[in-house]
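All remarks here apply to the structure that follows.
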Amino acid sequence: MTPVIEVRDLTKRFTKRLDLAGRIAHRLGANIHEEVVHAVDGVNLSINRGEVVGLVGESGCGKSTLGRMIAGILPQTEGSVLLDGKDTASLAGPESKAAALAVQMIFQDPFASLNPRLRVEQIIGEAPLVHGYTDRSGLSDYIDDVMLKVGLDPSLKQRYPHQFSGGQRQRIGIGRALAVKPRFLVCDEAIAALDVSIQAQVLNLFMDLREQFDLTYLFISHDLSVVEHIADRIVIMYLGRVVESANTEALFADPQHPYTRALLAEVPRLDQRKRNFTPIAGEIPSPLNPPSGCHFHPRCPHVMPVCKTEVPVLEKHQAFREVSCHLDTTDSHDINNHSAQSDSP
Amino acid sequence: MNTEATVMKETPLQRFWSEFCESRIAVASLVVLLIIILLAALAPWITPQNPYDLAQVDVLDGKLPPGSDAYAGYTMWLGSDGAGRDLYSAILYGIRISLTVGLAAGFIALIIGTVIGLTAAYAGGRVDTFIMRAVDIQLSFPAVLIALVLVAILGRGIDKIIIALVAAQWAYYARTVRATAMVESAKEYVEAARCLALSTTRIVIRHVLPNCLAPLIVIGTVQTASAIALESTLSFLGVGLRQTEPSLGVLISNGFEYMMSGRYWISFFPGIALLLTIVSINLVGDQLRDVLNPRLKR
């Protein structure tokens, strides 16, 4: 089966170019040079039809950038995004437009993601009208239909975004994406800005829509406990690279990468109420100047000399399980002993 | 679900208006401004004399003090100028010209500046650098100087004055629009529009531009006032409009030579009219800025 979305060696570098004054200062020997941020560094990922993939990582690890590249909002520096096996960059004309519409994005901030000057009917109805999903006479019914699907009262369609609550706004954003009949949704922290009581409602809406419209999701979040509920598979990113990818149950039962272990140890759980939480040692390093070798080595409890020099490769261990760590290739028994000590409260 | 929606049934326009009315000075200024505009618009019907019609202007009526009777019989409540124009009539006709020039220059500069600013924000790179350096150079010269040079080259007349004022003012709009457009286009709703495969033109015109309007309105008001002042300055310096169709600046300039001989009214009353016009526009603009600035939202 061809995956809906496949990402090959996808890389995004942001370069801050020097202005004229900076270039002159550089020529004169000042310690100023172009700054390059490796936001996403050679990521490979494939997502099958109907799957819900959770993408988890600390803020600044490149998960949003990866999501935006998949959604076609940001151009990639290197690598390719394949939709149904076809490179989206190679498509042209109507095919390119169809590919762009097939992948839609749900944004984090329900305030900033809706144009404050447009009415709900304009927000939802603009793209279907422009792209010919409906005509002027059918537009009103089309909008009503979309609003009902996302749980909004169609009688509110004359209103402006500021007249809605956060949860309702997020529904408007989902409706806007659904109106162009996408097959793949990138949800970038789509429920992080909502009240906890509303979060569950919106999550349920996502799951209903998935069944109803045969959708596939990439669910970006910094919160493992949210992703645990809805994702079939979880991908963990650290500083622009994928460190581990596994089925949700497998990942929670037996995390392999030291970073995943550290993340899981911080998820609050009812059965471990009395334990002390120990933050991962150190800060996330600057992506301007990432550590050599394995990006996680300065914070890793199991660091070895090889970690500082060689970049670990993402290796397939079992079906649906990939880990990028030197420990697994050298001595897998050893980490279990180590981690038993370091994980105990 | 509906409770929250019913609380906010006030439309944005109603809220804008009630916030605008919070300042009494601004409301008073708006009233003064509306009266000035109304007087100027109705000038042919409420003035005893058409100061542009040389058949109605009698040089024997020249330099009469306020309250004198003209040869034709009507009373010149504000006196007359050196050429025998009734100052009350001349001021109303002068406000017409000043307002027309100010509004036309402000509007054209707004359109040109907006297009240039949006181009800079969206093209980026060298085009952006080129445009913004041009703006910097433009803004580093005093507006009067630029207008003066242009009028000297182009010659006199309303159209030429408007061209000179536009050339002196487009840069303010361009800079404002570029900055606002860059802030707006980084917002997620623009990303969403791009994700929906809408064309760049559509995104700029339908999504970005409407959200840049608030600062544009504010700059537009203040710059219109400054265009009127600039036109008066040019006319006062003698390079603006023709003597036969006097604007407020020409009237002030005409009366200036009589200032020291006790005939204060020839410069004084047009000066008051100009002051009222500019101050009221500026006060309205200030309040607009306060109301439309989202950072000052209570």
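Of everything in region A:62-76 that's outside any helix (DSSP H, G or I) and more than 14 Å from chain B (Cβ to nearest Cβ), which residue is farthest from the chain's Cα centre (by Cα)? Please lay out each step first, then the result.
Within region A:62-76, the first condition is being outside any helix (DSSP H, G or I), and the residues that meet it are A:62, A:71-76.
Among the residues that remain, those that are also more than 14 Å from chain B (Cβ to nearest Cβ) are: A:62, A:76.
Details: A:GLY62: 8, A:GLN76: 15 Å.
Looking at residues that are outside any helix (DSSP H, G or I) and more than 14 Å from chain B (Cβ to nearest Cβ), I get A:GLN76.
Please tell me if A:GLY175 is closer than 21 Å to A:ALA98 by Cβ and in contact with a Lys or Arg (Cβ under 8 Å, 6 or more places away or on another chain).
The answer is yes for A:GLY175.
Yes or no, residue by residue, for (1) at pLDDT 90 or above; (2) under 24 Å from B:PRO44 (Cβ atoms):
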{"residue": "B:GLY79", "(1), (2)": "no, yes"}
{"residue": "B:ALA83", "(1), (2)": "no, yes"}
{"residue": "B:ILE111", "(1), (2)": "yes, no"}
{"residue": "B:ILE116", "(1), (2)": "yes, no"}
{"residue": "B:ALA123", "(1), (2)": "no, no"}
{"residue": "B:ALA143", "(1), (2)": "no, no"}
{"residue": "B:ALA152", "(1), (2)": "no, no"}
{"residue": "B:ILE163", "(1), (2)": "yes, no"}
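Here is a yes/no grid of residues against (1) touching a Ser or Thr at 6+ places or on another chain (Cβ under 7 Å); (2) within 29 Å of A:ASP135 (Cβ to Cβ); (3) open to solvent by less than 40 Å² (accessible area, probe 1.4 Å):
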position: A:PRO154; (1), (2), (3): no, yes, yes
position: A:ARG159; (1), (2), (3): no, yes, no
position: A:SER165; (1), (2), (3): no, no, yes
position: A:ALA177; (1), (2), (3): no, yes, yes
position: A:GLU189; (1), (2), (3): yes, no, yes
position: A:LEU203; (1), (2), (3): no, no, yes
position: A:LEU209; (1), (2), (3): no, yes, yes
position: A:PHE213; (1), (2), (3): no, yes, no
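What do you reckon, is A:ILE124 within 12 Å of chain B (Cβ to nearest Cβ) and open to solvent by less than 10 Å² (accessible area, probe 1.4 Å)?
Yes: the conditions hold for A:ILE124.
What number of residues in region A:77-116 are of a type in the set (Gly, Ala, Ser), within 14 Å of chain B (Cβ to nearest Cβ) and more than 19 Å from B:GLU191 (Cβ to Cβ)?
3
Given the residues A:ARG136, A:ARG171, which is the only one that is within 11 Å of another protein chain (Cβ to nearest Cβ) and either open to solvent by 60 Å² or more (accessible area, probe 1.4 Å) or of a type in the set (D, E, K, R) (or both)?
A:ARG171
Take the residues in region B:192-209 that are open to solvent by 30 Å² or more (accessible area, probe 1.4 Å) and not in a loop (DSSP other than H, G, I, E, B); name whichever of them is nearest to the other protein chains (Cβ to nearest Cβ).
For region B:192-209, the residue satisfying everything is B:ARG194.
Residues B:SER247, B:SER280, B:SER253: which one is touching a residue at least 40 places away in the same chain (Cβ under 8 Å), open to solvent by less than 50 Å² (accessible area, probe 1.4 Å), among the polar types (S, T, N, Q) and under 20 Å from B:ALA147 (Cα atoms)? Give the derivation first.
On the way: B:SER280 fails: under 20 Å from B:ALA147 (Cα atoms); B:SER253 fails: touching a residue at least 40 places away in the same chain (Cβ under 8 Å).
Criteria check complete, one pass: B:SER247.
Just the residues that are over 20 Å from the mean Cα position of the chain (by Cα), among the small types (Gly, Ala, Ser) and in a helix (DSSP H, G or I), please, taken from region B:126-169.
Residues satisfying the conditions are B:ALA134, B:SER140, B:ALA152.
Of everything in region B:179-191, what is of a type outside the set (Asp, Glu), assigned to a helix (DSSP H, G or I), free of Cβ contacts under 8 Å to residues at least 60 places away in the same chain and closer than 16 Å to A:ILE73 by Cβ? Give them in sequence order.
B:TYR189, B:VAL190
The values are calculated or read from the model by the stated rules, or taken from the named source; none is laboratory data. Computed from a predicted structure; not experimentally measured. We place every Cβ from the backbone using ideal geometry, glycine too, and count neighbours over all the protein chains shown. Keep in mind that these areas ignore ligands, DNA and RNA; they rest on the heavy atoms of the full protein, side chains included. Shrake-Rupley method; radii C 1.70, N 1.55, O 1.52, S 1.80 Å.
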